[in-house]
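Data first, discussion second: the structure below is written as structure tokens.
The values are calculated or read from the model by the stated rules, or taken from the named source; none is laboratory data. Note that the coordinates shown come from a computational prediction; the quantities given were computed from them, not determined experimentally. Virtual Cβ from ideal backbone geometry, glycine too; neighbours counted across all protein chains shown. Surface accessibility is based on the protein's heavy atoms, side chains included, excluding ligands, DNA and RNA. Shrake-Rupley method; radii C 1.70, N 1.55, O 1.52, S 1.80 Å.
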Amino acid sequence: MAVPTPTAETRWRCTLCGNLTRFDVTRSSKVVEYVHLDLAGEPKVEEREVLSESIESVRCRWCNAVDEVELVDRPGAEV
């Protein structure tokens with residue numbers, strides 16, 4: 001099932017319990033990172049470019065429903 005991605009005008013809402021704020025999101029990303037290692041060998045990501053990203057699933061934290069989200073308008077968003 002394709003999971004819709006929220007935009008500046010929309011947000012997620014669980015269709016089962018109405019949750020608007022708490023979700024566990026599983027996503028796959030392909031990224032290029034510029035990693036800087038200090039002299040001790042500790043890595044730090046200084047730049048990150050996302051080449052592609054897809055949401056695999058969204059689980060509601062309130063009722064544990066999987067992929068039961070819809071997009072609804074954000075309050076005050078111009079449609």
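Structural remarks
- Cβ-Cβ under 8 Å pairs, at least 6 apart or on other chains, the stretch 43-58 side closer than 22 Å to residue 70 by Cα and of a type outside the set (A, V, I, L, M), far side part of a strand (DSSP E or B) and open to solvent by 90 Å² or more (accessible area, probe 1.4 Å): 53/27; 53/30; 54/27; 56/27
- Hey, residue 27 under 13 Å from residue 67 (Cα atoms) and basic (Lys, Arg) or not: yes
- Looking only at the stretch 33-79, and only at residues there that are in a loop (DSSP other than H, G, I, E, B) and closer than 17 Å to residue 7 by Cα, the one that is least open to solvent (accessible area, probe 1.4 Å): 77
- Search result, residues across the stretch 1-32 that are loosely packed, with under 11 Cβ neighbours inside 10 Å, in a strand (DSSP E or B) and either in contact (Cβ under 8 Å) with a residue 60 or more places away in the chain or of a type outside the set (Ser, Thr, Tyr) (or both): 30, 32
- Flag if residue 38 is without any contact (Cβ under 8 Å) to a residue 12 or more places away in the chain and either charged (D, E, K, R) or in contact with a Leu (Cβ under 7 Å, 6 or more places away or on another chain) (or both): yes
Here is a yes/no grid of residues against (1) farther than 16 Å from residue 13 by Cβ; (2) more than 17 Å from the chain's Cα centre (by Cα):
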{"residue": "36", "(1), (2)": "yes, yes"}
{"residue": "40", "(1), (2)": "yes, yes"}
{"residue": "46", "(1), (2)": "yes, yes"}
{"residue": "50", "(1), (2)": "yes, no"}
{"residue": "54", "(1), (2)": "yes, no"}
{"residue": "59", "(1), (2)": "no, no"}
{"residue": "64", "(1), (2)": "no, no"}
{"residue": "68", "(1), (2)": "no, no"}
